[in-house]
Amino acid sequence: MADVNDALAANRAAVLDLVAAAERSAATWTTPRAPGKWSPSQVVEHVARALDEGANVVSGAPSIPMPPAFLRPLLRLVFFNRILKKGVFPKGFKAHKAMNPTSGPATPAEARVRLEGALARFDQECRRRVASGQHVVSTFFGTVSVEDFVRFSALHTRHHCKQMPGAT
């Protein structure tokens, strides 16, 4: 459980970093950073949706249909394992259309509430899954450890932190 606790703490830190970036983005909150890109508000909503769906997946009740089961081991190998190993998302990795927000929280303060709520549920479901002794059955990647699923979530959030104005 210690490794999962470390992963959950790192995920929480990533979300709090996104909250801080959102607060620094108040002046451009609804302005996309470039044509065809998301605004800070939309980035936050995308990450919140990913946390929501992550909680659904961990609880065994995913809401987004994904590829056939026979493709999942390949996707796990090509994407999931690679992202965990390298610690970054590859360029051109596109979100599922259900994760593409047309808008997001109205203010950075609402973004904090939205992210903290989604994170709390994700964290709770991950702890429940670990306590059951079961792995996560991801609709996209197949069976993975809870720790790796949480690490993937943290990397996903860090990836989007870099898309906020003023990010380095």
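Observations on the model:
- What the Kirkwood sum gives for the chain is a hydrodynamic radius of 16.2 Å, with every pair of different alpha carbons counted.
- Distance (nanometres) between label positions extended 7 Å along Cα→Cβ at residue 24 and residue 59: 3.4
- Under the simplified labelling scheme, the residue 137-residue 86 pair shows an inter-label distance of 3.0 nm, with each label point 7 Å from Cα along Cα→Cβ.
- 1.4 Å probe accessible area per residue over the chain, in Å²: 52
- Under 23 Å between alpha carbons - lysine pairs in the chain that sit 8 or more apart or on different chains: 11
- Fully extending the segment from residue 110 to residue 3 would add 35.4 nm, taking 0.36 nm per residue of separation and subtracting the current Cα-Cα distance.
- The residue among 70, 13, 154 whose Cα reaches farthest toward the positive pole of the charge dipole of the chain, with charges on the beta-carbon of Lys, Arg, Asp and Glu, is 70.
- Largest first and in whole Å, the equivalent-ellipsoid semi-axes of region 15-74 read 30, 15, 9, each the square root of five times a Cα gyration tensor eigenvalue.
- The mean sequence separation of alpha-carbon pairs under 8 Å and at least six residues apart, normalised by the residue count of the chain, gives a relative contact order of 43 percent.
- Around the Cα centre of the chain, unit charges on the Cβ atoms of Lys, Arg, Asp and Glu (plus for the first two, minus for the last two) sum to a dipole of about 560 debye.
- Once backbone amide H atoms are built at 1.01 Å from N, residue 138 has 143, 144 as its partners under 5 Å, excluding neighbours fewer than 5 places away on the same chain.
- In order along region 80-95, the phi-based Karplus estimate (6.51 cos²θ - 1.76 cosθ + 1.60, θ = phi - 60°) of 3J(HN,Hα) comes to 4, 5, 5, 5, 5, 5, 7, x, 8, 7, x, 5, x, 6, 9, 6 Hz; Gly and Pro are listed as x.
The values are calculated or read from the model by the stated rules, or taken from the named source; none is laboratory data. Because the structure is a prediction, the values reported are computed rather than measured. Quick reminder, even Gly has a Cβ in these numbers, built from the backbone with ideal geometry, and neighbours come from all protein chains shown. Areas reflect the complete protein model, heavy atoms only, side chains present, ligands, DNA and RNA absent. Shrake-Rupley method; radii C 1.70, N 1.55, O 1.52, S 1.80 Å.
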